[in-house]
Amino acid sequence: MTKTFEENLEELRGIVRKLEGGETSLEESIVIYERGALLVKQCEDFLEAAEMKLTELGRDR
């Protein structure tokens, strides 16, 4: 099941909190960072799709 933009953003915020907390090992930090990078890409894709849809809706007027 695909997560919503909001769910991805919330998970990303949790990752940022973990990394800023400084209580993870280097290896865990790398894994968490990689997950965060994937979430950023997914959020960017969501936003790009939303922007395209809004642009299309604006043309329909």
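The values are calculated or read from the model by the stated rules, or taken from the named source; none is laboratory data. If you're wondering where the values come from, they're calculated on a predicted model, not measured in any experiment. Virtual Cβ from ideal backbone geometry, glycine too; neighbours counted across all protein chains shown.
Here are the numbers:
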{"quantity": "Residues within segment 38-57 that are surrounded by 11 or more Cβ atoms within 10 Å (Cβ to Cβ) and farther than 12 Å from PHE5 by Cα, tallied", "calculated": "1"}
{"quantity": "Condition met for ILE32 (surrounded by 10 or more Cβ atoms within 10 Å (Cβ to Cβ), out of contact with any Gly (no Cβ under 7 Å at 6 or more places or on another chain), hydrophobic (A, V, I, L, M, F, W, C) and at pLDDT 95 or above)", "calculated": "yes"}
{"quantity": "Residue match in segment 15-28 (condition: more than 11 Å from the chain's Cα centre (by Cα), part of a helix (DSSP H, G or I) and surrounded by 14 or more Cβ atoms within 10 Å (Cβ to Cβ))", "calculated": "yes"}
{"quantity": "Tally of residues being among the polar types (S, T, N, Q) and touching a residue at least 24 places away in the same chain (Cβ under 8 Å) across segment 5-52", "calculated": "2"}
{"quantity": "Residue count for segment 29-52, restricted to those that are hydroxyl-bearing (Ser, Thr, Tyr) and within 15 Å of the chain's Cα centre (by Cα)", "calculated": "1"}
